[in-house]
Amino acid sequence: MATQVSAELQPIIAAFSEVLDQNPDAPAVEQGDVVRSYRQLSEAAQRIADQLLNAGVISGQRLALDLPRSIALYETILGCLVAGISFMALPRGLDQTKGLETAKKANCVGVLSNNPLFPGDGIAITDIGRFFKLAECTQTPAKDSKTGVEIYCVRTSGTTGEPKVVPINSGQLTAFLDNTQQTLAAPKYAKWLWIHDLSFDFSIWETFGCLAHNGCLVILDEHIKRDAKATFALMVKAGVNILSVTPSEFRYIFSQANNQHCVESLHLTDVIFCGEKLSPSTLLAVFDELSRHRVRLFNTYGPSEATVFCSHHLISKADLELESIPIGKPFPGMKFELVAINELGVGELVLRGAQVFDGYLGGELITDGYHTSDMCQVVGQGKFVCLGRSSGYQKINGFRVEPYEVEEYLQSIPNIDEAVVLVENSHQGSFLMACIRVQKGAQLSTRDLRLACSKLPPYLRPARYLLLNDDKWPVNDRGKTDRLALRRSTCGEI
């Protein structure tokens with residue numbers, strides 16, 4: 001696989017070269033009944049790279065991708081690697097106007113799409129789509145930084161403000177892949193499920209992680225992901241070994257399953273959790289069966305700014321007795337530090353190390369680590385626990401309140417899977433509203449919650465509660481709890 005970044009992405013290049021040399025006809029990717037070998041994947045990536053360069057995209061520039069999760073998209077991102085072109089996937093939920101606006105703001109040279117974006121035809125990229133050049137682009141080919149050349153960009157979700165663009169360079173991606181190989185030690189030649197939108201960087205682990213382990217990528221079609229039974233059936237039929245999910249997605253996929261039967265029908269070796277806080281209740285129903293079949297469960301942590309995830313914790317039976325599953329210890333070459341620590345040993349987590357990005361697109365360089373706004377504490381054996389996200393102190397009737405502290409307390413109450421505490425405002429003043437996801441099959445009332453919260457100081461007690469079952473709990477396109485949708489909810493129990 002000849003590539004301009006080959007010298008800097010050794011985990012991918014070494015793995016690709018190995019399989020092409022030893023077993024080029026091994027399956028590299030499958031979607032439905034269509035299977036591509038590593039030889040075919042390499043040839044497609046080279047063909048796409050040549051066509052992009054011939055279309056006028058220059059190595060070092062940034063290209064927006066507007067393509068569905070597919071073999072074609074997998075071939076395209078590898079083609080970008082070959083050509084030395086950075087890619088940024090546009091969220092699939094964006095309409096055409098917002099998609100183009102997003103690409104322009106990120107200073108992309110153009111958009112590669114299988115949809116007609118402009119009256120003109122664009123330049124055809126065989127079996128992929130058409131390249132539409134953006135006249136507004138002012139980007140010149142990037143110069144190598146101390147952390148290498150830019151490989152991809154991802155947009156933050158924007159839940160805490162305007163979305164930002166996070167560029168990840170070859171040095172940061174190499175550190176991530178090296179660290180995951182060393183700490184998670186996923187089996188080689190396994191089948192990996194690609195379940196996430198490429199605009200969510202958990203998919204970087206699914207795609208490049210699979211490639212670095214000589215695996216076969218099993219693609220979950222976008223329409224199938226919305227059907228838990230169909231998703232589960234695909235995992236069984238394809239023999240998926242590596243499943244990477246958010247806790248919300250895990251609950252969704254296993255929601256319809258008979259625990260013993262469902263685990264026996266699977267071929268899982270590893271489940272990697274990321275993207276959300278993992279509560280023990282998520283695992284209670286299936287943990288014993290998964291353990292009996294020697295399935296390893298890892299909880300990981302990391303924002304996009306630290307290249308997908310940068311900590312790991314192998315989950316044990318004892319963890320199910322805790323209020324929250326630890327995020328574990330940092331990867332080699334990463335340093336976790338808590339700042340502004342309170343009397344309970346809780347502080348904001350600051351990340352430093354080889355996986356931390358250089359800075360937001362158009363922003364200043366990161367010089368003193370990345371401040372996550374996530375509140376953590378250290379427990380036994382130096383493991384970290386993430387308690388929640390700090391949005392800063394809120395004033396409620398003159399008292400300073402951190403919503404994550406109330407969330408942590410609520411999640412310690414039996415029959416609660418997850419709690420989100422929002423600050424609402426009315427003509428009578430500000431108050432706390434607690435959105436509660438009730439455990440499957442459990443009975444819980446507002447009265448039960450008020451009684452449990454009577455142990456809290458009055459100013460920490462929610463004034464209103466919204467109780468939702470698992471099937472009503474909103475999840476966004478990234479597989480995470482949709483806090484904006486919860487905020488928009490107007491119904492509740494007083």
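In region 90-100, the qualifying residues are those that are assigned to a helix (DSSP H, G or I) and without any contact (Cβ under 8 Å) to a residue 24 or more places away in the chain, and the one that is nearest to the chain's Cα centre (by Cα) is LYS98.
A single member of GLY79, GLY129 is closer than 22 Å to LEU220 by Cβ, out of contact with any Phe, Trp or Tyr (no Cβ under 7 Å at 6 or more places or on another chain) and modelled with pLDDT under 95, and it is GLY129.
Residues in region 93-116 that are surrounded by fewer than 21 Cβ atoms within 10 Å (Cβ to Cβ), out of contact with any Cys (no Cβ under 9 Å at 6 or more places or on another chain) and not hydroxyl-bearing (Ser, Thr, Tyr): GLY93, LEU94, ASP95, GLN96, LYS98, GLY99, GLU101, LYS105, ASN114, ASN115, PRO116.
Within region 371-385, residues that are more than 19 Å from GLU343 (Cβ to Cβ) have Cβ atoms under 7 Å from residues that are part of a strand (DSSP E or B) and of a type in the set (Gly, Ala, Ser) in these pairs: LYS383/GLY328, counting only partners at least 6 apart in sequence or on another chain. Here PHE298 fulfils each of the conditions (1) in contact with a Leu (Cβ under 7 Å, 6 or more places away or on another chain); (2) more than 30 Å from LYS104 (Cβ to Cβ); (3) assigned to a loop (DSSP other than H, G, I, E, B) apart from (3).
Within region 289-299, one or more residues are modelled with pLDDT of 95 or more and buried (at least 24 other Cβ atoms within 10 Å of the Cβ).
To keep it simple, each residue is scored yes or no on (1) surrounded by 22 or more Cβ atoms within 10 Å (Cβ to Cβ); (2) among the aromatic types (Phe, Trp, Tyr); (3) at pLDDT below 95; (4) touching a Pro at 6+ places or on another chain (Cβ under 9 Å).
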residue	(1), (2), (3), (4)
GLU162	no, no, yes, no
PHE202	yes, yes, no, no
GLU206	yes, no, no, no
ILE224	no, no, yes, no
ALA228	no, no, yes, no
LYS237	no, no, no, no
GLU249	yes, no, yes, no
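Only residues that are among the β-branched types (Val, Ile, Thr) and closer than 16 Å to ILE242 by Cβ were counted across region 166-187, and they come to 2.
Scanning region 123-133 for residues that are surrounded by fewer than 20 Cβ atoms within 10 Å (Cβ to Cβ) and either within 29 Å of the chain's Cα centre (by Cα) or not aliphatic (A, V, I, L, M) (or both) yields THR126, ASP127, LYS133. On the basis of being within 24 Å of THR269 (Cα to Cα), modelled with pLDDT of 95 or more and not in a loop (DSSP other than H, G, I, E, B), does LYS329 make the cut? Taking the combined requirement at face value, the residue satisfies it. Only a single item in (1) at pLDDT below 95; (2) assigned to a loop (DSSP other than H, G, I, E, B) is not met by ALA103, and it is number (2). List the pairs whose first member sits in region 437-456 and is buried (at least 16 other Cβ atoms within 10 Å of the Cβ), whose second member is basic (Lys, Arg), and whose Cβ atoms are under 6 Å apart, counting only residues at least 6 apart or on separate chains? Filtered contacts from region 437-456: CYS453/ARG461. Screening ILE272 with (1) surrounded by fewer than 19 Cβ atoms within 10 Å (Cβ to Cβ); (2) among the aliphatic types (A, V, I, L, M); (3) touching a Ser or Thr at 6+ places or on another chain (Cβ under 6 Å) gives one miss only, at (1). Residues in region 254-273 that are modelled with pLDDT of 90 or more and not aromatic (Phe, Trp, Tyr): 8 in all.
Results for (1) polar (S, T, N, Q); (2) under 26 Å from THR174 (Cα atoms), shown as yes or no for each residue.
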{"site": "GLU305", "(1), (2)": "no, yes"}
{"site": "SER316", "(1), (2)": "yes, no"}
{"site": "LEU322", "(1), (2)": "no, no"}
{"site": "GLY353", "(1), (2)": "no, yes"}
{"site": "ASP368", "(1), (2)": "no, yes"}
{"site": "MET375", "(1), (2)": "no, no"}
{"site": "VAL379", "(1), (2)": "no, no"}
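Only one entry in LEU444, LEU451, LEU456 is at pLDDT 90 or above, assigned to a loop (DSSP other than H, G, I, E, B) and among the aliphatic types (A, V, I, L, M), namely LEU444.
The values are calculated or read from the model by the stated rules, or taken from the named source; none is laboratory data. Please read these numbers as outputs of a predicted model, since none were measured by experiment. Backbone-built Cβ (ideal geometry, glycine too); neighbour counts: all protein chains shown.
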